[in-house]
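Asks: After the structure tokens below, expect a handful of questions from me.
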Amino acid sequence: MPHIGNFAPILVEAGRTQPVAKVLQAIEPARRLSLEESRFEWTAFLELAKVLRTRATDTSKKAAAAALNAAGDLASQRDDLDGAKTCLEAARDISVQIGYELGEAQALKSLGNLALRRDDLDGAKTHLEAARDISVRIGYELGEANALLFLGNLALRRDDLDGAKTCLEAARAIYVRIGDSLGEANALRSLGDLALRRDDLDGAKTHLEA
């Protein structure tokens with residue numbers, strides 16, 4: 001798959017002809033590949049979502065929501081913030097419509113991160129707290145940890161150092177429990193920044209070296 005040069009037609013054709021359950025399983029690996037390969041554009045997932053929605057079942061709508069979440073994350077990475085917002089809001093709305101709480105939590109987390117990038121701190125807090133609460137309710141630990149990480153970074157932006165510490169330590173503990181090394185590293189980096197803000201140079205050194 002890393003050698004595929006023309007990605008969009010393959011995704012769209014799969015969405016049109018393959019069993020929806022298989023398409024849904026393929027979306028996350030395709031998203032990860034696209035994040036690593038700049039030649040794969042987020043619009044491929046947008047086209048996939050359009051095709052899936054024409055199949056008009058709850059499973060195809062779930063897959064469409066997953067494709068739109070992938071499109072939103074990729075558009076955000078490519079600095080197309082308006083495109084990201086459109087995709088993520090559509091993913092959230094479809095997920096709410098069919099009761100797909102995992103998709104809703106993922107969309108809300110990404111919308112919260114997008115709001116952070118736009119300095120909309122109140123909007124970010126609303127989205128991220130909702131993402132955290134849904135993730136807790138459905139037992140989606142990665143989603144909970146991601147929301148807590150962003151809430152911790154939001155608290156840092158607001159100089160709420162105690163709130164930041166609570167969120168970031170909770171996020172780190174979950175990442176350790178589920179074996180997500182990248183998430184743990186991101187939490188440790190933010191905890192290092194927090195320690196620097198408090199002039200705790202030894203604590204900052206420990207976190208940042210880890």
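Asks: For the chain, just run the numbers: alpha carbon Rg, then divide by 2.2 N^0.38 Å, N being how many residues it has.
Replies: 1.07
Asks: Let me ask something additional. Could you give each residue of the range 180-195 its phi-based ³J(HN,Hα) in whole Hz, using Karplus coefficients 6.51, -1.76, 1.60 with θ = phi - 60°, and x for Gly or Pro?
Replies: For the range 180-195, the Karplus-derived couplings read 9, 5, 5, x, 4, 5, 5, 5, 5, 4, 5, 5, x, 4, 4, 4 Hz, x marking Gly and Pro.
Asks: To the nearest 10 degrees, how steeply does helix 43-54 sit against the main Cα axis of the chain, on a 0 to 90 scale?
Replies: 60
Asks: If we sort 45-56, 77-88 on the protection proxy, mean other Cβ atoms within 10 Å, highest first, what's the order?
Replies: Details: 45-56: 20.0, 77-88: 17.5.
Result, highest mean first: 45-56, 77-88.
Asks: Separate question: Can you give me the C-alpha center-to-center distance between the range 101-125 and the range 144-210, rounded to a whole angstrom?
Replies: So the two Cα centres are separated by 18 Å.
Asks: With the crude spin-label approximation of a point 7 Å out along Cα→Cβ, what separation in nm comes out for Glu129 versus Lys50?
Replies: Distance between label points: 3.8 nm.
Asks: Quickly work out the Ala21-to-Thr86 label distance, labels modelled 7 Å from Cα along the C-beta direction, and quote it in nm with one decimal.
Replies: That separation, rounded to one decimal, is 3.4 nm.
Asks: In whole Å, largest first, what are the principal axis extents of the Cα atoms in the range 1-97?
Replies: 32, 28, 16
Asks: If you don't mind, there's one more thing I want to ask. Which whole-Hz ³J(HN,Hα) couplings does the range 28-35 yield from phi under the Karplus relation 6.51 cos²θ - 1.76 cosθ + 1.60, θ = phi - 60°, glycine and proline marked x?
Replies: Karplus-based 3J(HN,Hα) across the range 28-35 equals 5, x, 5, 4, 4, 4, 5, 5 Hz.
Asks: Follow-up question, since we're still on this one. In nm, what is the difference between 0.36 nm times the number of residues separating Leu142 and Leu196 and their Cα-Cα distance?
Replies: On the way: separation 54, 0.36 × 54 = 19.44 nm, distance 2.68 nm.
The span from Leu142 to Leu196 would gain 16.8 nm if fully extended.
Asks: Tell me the volume per residue, in Å³, of the convex hull enclosing the alpha carbons of the range 83-202. Intermediate values should be presented prior to the final figure.
Replies: Working: hull volume 11.6 nm³, N = 120.
Given the Cα convex hull of the range 83-202, per-residue volume reads 96 Å³.
Asks: Would you mind calculating the gained length between Leu33 and Ser181 on full extension (0.36 nm times residue separation, minus the Cα-Cα distance), in nm to one decimal? It would help to have the intermediate numbers written out before the result.
Replies: Numbers: separation 148, 0.36 × 148 = 53.28 nm, distance 1.86 nm.
Full-extension gain reported as 51.4 nm.
Asks: Per residue, how large is the accessible surface of the chain? Use a 1.4 angstrom probe and give square angstrom. Display every interim value, and only then the final one.
Replies: Numbers: 10510 Å² over 210 residues.
With all protein chains present, the chain gives 50 Å² per residue.
The values are calculated or read from the model by the stated rules, or taken from the named source; none is laboratory data. Note that the structure is predicted; figures quoted are calculated from it, not measured. As a convention, Cβ positions derive from the backbone with ideal geometry for all residues, glycine included, and neighbour counts pool all protein chains shown. Remember, those area values only see protein heavy atoms, side chains included, never the ligands or the DNA or RNA. Shrake-Rupley method; radii C 1.70, N 1.55, O 1.52, S 1.80 Å.
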